[in-house]
Every structure is written in structure tokens, then in C-alpha cells.
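In what follows, a structure is listed as C-alpha cells, so that the remarks can point back to it.
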Amino acid sequence: MRYNTIPSQLFVKNRQKVLEKLPECSSAVIFSNPQMPKNGDEFHPYRQSSDFFYLTGIVQEKSILILTNALPEKQAILFILEQKPELEQWEGRKLTNAEATEISGITEIHFIENFNAIWDEIANKSDHLFYSQNCNPRLKTDLLLPEKLFAEELGKKWQNKDIQCLANIMTACRIVKEPEEIALIQKASDITKEAFLEILPQVKHGMYEYEIEAIMTSCFIRNGANGHAFEPIISNGRNTYYLHYIKNDQILQNGNLILMDFGSEYANYASDCTRVFPVNGRFTPRQKEFYNAVLRVFKQIRATIRPGITINDYQKTTCQLIQEELLTLGLLKQSDILNRGEKPAYFKYFMHGVSHFIGLDTHDVGEKTEILRPGMVVSCEPGIYCFEENTGIRIEDTILVTEDGSYDFMGTLPIEAEEIEMRMH
Ligand SMILES: [Mn+2]
């Protein structure tokens, strides 16, 4: 493993939380992610399902977890691949049962071939059957995922049982982070910070955006990250305007701003950061006006993140503050605000969410109506995008909600325009 061993106690606690939320006499099946075909005989690099990792710590394909409170003596049963030397010579070692126990804290381990027989027996004794599914409302895919097929089968086979999706229970558990998880997000954030500090003094006019990506990737991998938590955005000039630009194939031009939205993934935990800086190391006065406008909003919103409010609450505040900054920047006039059309006037310059949950996924589980509690982790990312001036500014940190407010995982990472300029010279 690239990361330090995570105490199996975390996964024991996580399973306990899910079990406590299940109604009496329930059993749940959670699948590992399938290997996603790439081309020919190759697969994309393997990424474990976040739910499966949360409950087991196991990063291996073809694994299944059963959680049950229908049989008092059995709470977690793990199914893994049988270790076969002839397969291992090609694919590398697979987990032994003892290793799987050490990682997950689960003592009852079977080979995957035995899943159907054991599950039938457990399902038969249960009143409620739960299947796991990635229920991110923004996921659009036509792929026939094994968990989807399993859910359909369940419905056909056990018509007399109550069948439910586990997603709401998983969300309720995953949304508040345990101290072990917070430490992993801190590590992912520390690696992300280091990459930014490494990049700043190396940026030069004439470099390609992907050369910055190369420094970033090198720093992430060198420090034990899996790699990028999401495809990094490294844009300059006009492309800073495009929110999800990931081609990263343009030359850095003197006088342009660079926008980097990036984050490492450590032990499957994400961090998320955005910084903007000038190619030549000096903001123009106009660029600084834009930058400081967004920075003021960032600081004010970060200060409002605390237990008791929702993301939707501070989304409204953000829009209000950005509207005022747009007046100052001369991009909006009072009359534009009064004569609003279908969308409010600021929407032309700020059109995205200011915050999302962060955890095992960069866009982690949780709705924007959720009332924040200590242990939740969110992004804070206001921005202003002006097509006419080739300028997109976004400033983003990963933030922990604490008892008395919030804590910024990015801490002392340069954020003032002058600090950034200093680091570039
Ligand atoms: Mn983000």
C-alpha cells in the first residue's frame, strides 16, 4: 500500500454505525467496484467503491460484504478472491484471508464462489434486504453495474421481503468524518499544498500547462498519494473561464493568469484546492482587482462556515457578496440587478455552487440542505468569470466544520496576491 496502515478499528466503527441504522432483522450487501475495461485486454487503474472502502478498507476487485443483524452471531461477512498461484504470477499477489482480516477487522472470510449460497441463507432469515448503490444524483451512466443487476435480482427472488437501497444510510454515516478520516484528508491536503509550493517558482512563460501537471503528479506520487483526486484543471488566459477545462495543453502566455483546481487523493481520501496566479509572477492592477474581489468573498464565506447552517444558506450569502463585488468591478450596474431576467444578473459571472462535501469522493455524499455538524468536510470556492476580459478567478480550500466554527486544511498555503507574487520570484 502507498499509504500507512489505517487502524482496522475505523472500519469496525464504520460498520457499527451502519448496523445501528438498519432496522431489526436486516441484511445488506455491498459490492466492491468492478474493474473498468479500458481497451484490448486492459483495465483502467482500479479504484475501490467508496462505500466498500469505508466499511472494509479492502482495495481489491471481486469482493463482497454482507452486514447483518438478522443473525446475532454474525455481523460482517467478507468474500474475497481465492488466492491462486497461477493467477497471482500474472496479476500480482491477492489478499490472504489473514491479511483481509488484519485490514478490515472482519474475522469471517469466505471465497467469493460461496457468496450465493451463504447470502441465500441469510436473506431467507431477514425481513429487510438492502443493496448498495452509487446514488450520486449527478452520476449519469448507462453502464450495467453489478450492484444494479443484483438489486433487480433481489426484487425478483425475494418478493415477500422489504427491499431497500442502502444509500441514505451510507450518506448519513459517511457525511460526518471520524478523527482517522480527518487525519487522512489532512495528509491529502498537505500533499496538495506541497505541490503548489513546488510549482510556483518553476512557472515560466512558454511552458505548457501539462508541464505544470507533470510537476504536480510527480509531487503527489512521490508523497504516497494514489494520484489526483479528480482530473486537475490547469488553464491559462481565456481557458480560465471554462469551469471544467482539463485538456491542459496550451502554452503559458506572458500577462495571463493561471487557474489550477487540483487535489491529491491519499488512502482514497480527497482534497480540493484552487489557486490563481500570474504566468509572469506579477498581477496586473486589473487582475489584482478581480483576484482581491474573489478573495474577500472567500474569506467572508469561510468565516460563516460553522455548525447549524447549510450550504444553501451560504450559497445565498455568496451570491449577495459577489453581486456587490461585480458592481465595484464595473461588470454590473444597479439597473442590471433591478431589471433581472430569467436568472439574476450576477449569474453571468458566477454560475456554480460555492461548496460541496469532501471525503472519499471529491464531490462526497450529502445534500446542500444538510445542517452542518462538527466533523463534516466541505469546500469553499467562490469565483468570478468574465469572458470579455479573459479572466476566471476561483479560490478554494478544503474546510473542516468544528465545534466552534471551522478549520482550513490548507492552512498557511499562500492566498494573498502579494504572498503568491513573492513565492514566484
Ligand atoms: Mn471543489
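Can you go through Lys343, Lys368, Lys348 and tell me which one is within 16 Å of the ligand (Cβ to nearest atom) and either of a type in the set (Lys, Arg) or out of contact with any strand residue (DSSP E or B) (no Cβ under 8 Å at 6 or more places or on another chain) (or both)?
Lys368
Restricting attention to region 233-254, which residues are more than 16 Å from the ligand (Cβ to nearest atom), open to solvent by 10 Å² or more (accessible area, probe 1.4 Å) and not polar (S, T, N, Q)?
Selection gives Arg238, Tyr241, Lys247, Asp249, Ile251.
Return yes or no: is Glu403 surrounded by fewer than 19 Cβ atoms within 10 Å (Cβ to Cβ), at pLDDT 95 or above, over 26 Å from Glu194 (Cα atoms) and more than 15 Å from the ligand (Cβ to nearest atom)? Don't jump to the end; show me each part of the working.
Numbers: surrounded by fewer than 19 Cβ atoms within 10 Å (Cβ to Cβ): yes; at pLDDT 95 or above: yes; over 26 Å from Glu194 (Cα atoms): yes; more than 15 Å from the ligand (Cβ to nearest atom): yes.
Taking the combined requirement at face value, the residue satisfies it.
Going by the structure shown, is Leu332 assigned by TED's automatic domain parsing to the domain that holds Phe262, without any contact (Cβ under 8 Å) to a residue 40 or more places away in the chain, more than 15 Å from the ligand (Cβ to nearest atom) and assigned to a loop (DSSP other than H, G, I, E, B)?
Values: assigned by TED's automatic domain parsing to the domain that holds Phe262: yes; without any contact (Cβ under 8 Å) to a residue 40 or more places away in the chain: yes; more than 15 Å from the ligand (Cβ to nearest atom): yes; assigned to a loop (DSSP other than H, G, I, E, B): yes.
Considered against the rule, which asks whether it is assigned by TED's automatic domain parsing to the domain that holds Phe262, without any contact (Cβ under 8 Å) to a residue 40 or more places away in the chain, more than 15 Å from the ligand (Cβ to nearest atom) and assigned to a loop (DSSP other than H, G, I, E, B), Leu332 comes out as yes.
Is it fair to say Gln300 is at pLDDT below 95 and either surrounded by 15 or more Cβ atoms within 10 Å (Cβ to Cβ) or not aliphatic (A, V, I, L, M) (or both)?
no
Can you find a residue that is open to solvent by less than 10 Å² (accessible area, probe 1.4 Å), farther than 28 Å from Val365 by Cβ, part of a loop (DSSP other than H, G, I, E, B) and not hydrophobic (A, V, I, L, M, F, W, C) anywhere in region 255-277?
So far as region 255-277 goes, no, none of its residues is open to solvent by less than 10 Å² (accessible area, probe 1.4 Å), farther than 28 Å from Val365 by Cβ, part of a loop (DSSP other than H, G, I, E, B) and not hydrophobic (A, V, I, L, M, F, W, C).
Can Arg306 be described as open to solvent by 30 Å² or more (accessible area, probe 1.4 Å), touching a residue at least 24 places away in the same chain (Cβ under 8 Å) and part of a helix (DSSP H, G or I)? Steps first, answer last, please.
Numbers: open to solvent by 30 Å² or more (accessible area, probe 1.4 Å): yes; touching a residue at least 24 places away in the same chain (Cβ under 8 Å): yes; part of a helix (DSSP H, G or I): no.
When the stated conditions are applied, Arg306 does not pass them.
Name the residues in region 172-187 that are part of a helix (DSSP H, G or I), farther than 21 Å from Cys25 by Cα and touching a residue at least 60 places away in the same chain (Cβ under 8 Å), would you? First the steps, then the outcome.
Going through region 172-187, the residues part of a helix (DSSP H, G or I) turn out to be 172-174, 179-187.
Okay, now just the ones that are also farther than 21 Å from Cys25 by Cα, so 174, 179-187.
Residues satisfying the conditions are Arg174, Glu180, Glu181, Ile182, Leu184, Ile185, Gln186, Lys187.
Enumerate the helices (runs of 4 or more DSSP H) found wholly within region 42-150, keeping only those where 2 or more residues are surrounded by fewer than 15 Cβ atoms within 10 Å (Cβ to Cβ). I'd like the intermediate steps shown before the answer.
Details: elements: 50-56, 85-91, 97-104, 115-124.
Passing ranges, in order: 85-91, 97-104, 115-124.
Quick one: Gly411 ticks every box in (1) touching a helix residue (DSSP H, G or I) at 6+ places or on another chain (Cβ under 8 Å); (2) within 16 Å of the ligand (Cβ to nearest atom); (3) in a loop (DSSP other than H, G, I, E, B) bar one, so which box is it?
With (1) touching a helix residue (DSSP H, G or I) at 6+ places or on another chain (Cβ under 8 Å); (2) within 16 Å of the ligand (Cβ to nearest atom); (3) in a loop (DSSP other than H, G, I, E, B) applied to Gly411, the lone miss is (2).
Pairs under 8 Å by beta carbon, first residue closer than 19 Å to Val203 by Cβ in region 265-293, partner modelled with pLDDT under 95 and part of a loop (DSSP other than H, G, I, E, B), six or more apart or different chains?
Close Cβ pairs (under 8 Å, with a partner that is modelled with pLDDT under 95 and part of a loop (DSSP other than H, G, I, E, B)) amount to Phe277/Met424; Pro278/Met424; Gly281/Met424; Gly281/His425.
Evaluate the following for Ile384: is it in the same structural domain as Asp272 (by TED's automatic domain parsing), more than 10 Å from the ligand (Cβ to nearest atom), among the β-branched types (Val, Ile, Thr) and within 17 Å of Arg275 (Cα to Cα)?
yes
The values are calculated or read from the model by the stated rules, or taken from the named source; none is laboratory data. Since the model is a prediction, treat every value here as computed from it, not as a measurement. When we count neighbours, we look across all protein chains shown, and the Cβ atoms used for this are built from the backbone with ideal geometry, even at glycine. Ligands, DNA and RNA are stripped out before the accessible areas are found, and what is left, the full protein with its side chains, is counted by its heavy atoms. Shrake-Rupley method; radii C 1.70, N 1.55, O 1.52, S 1.80 Å.
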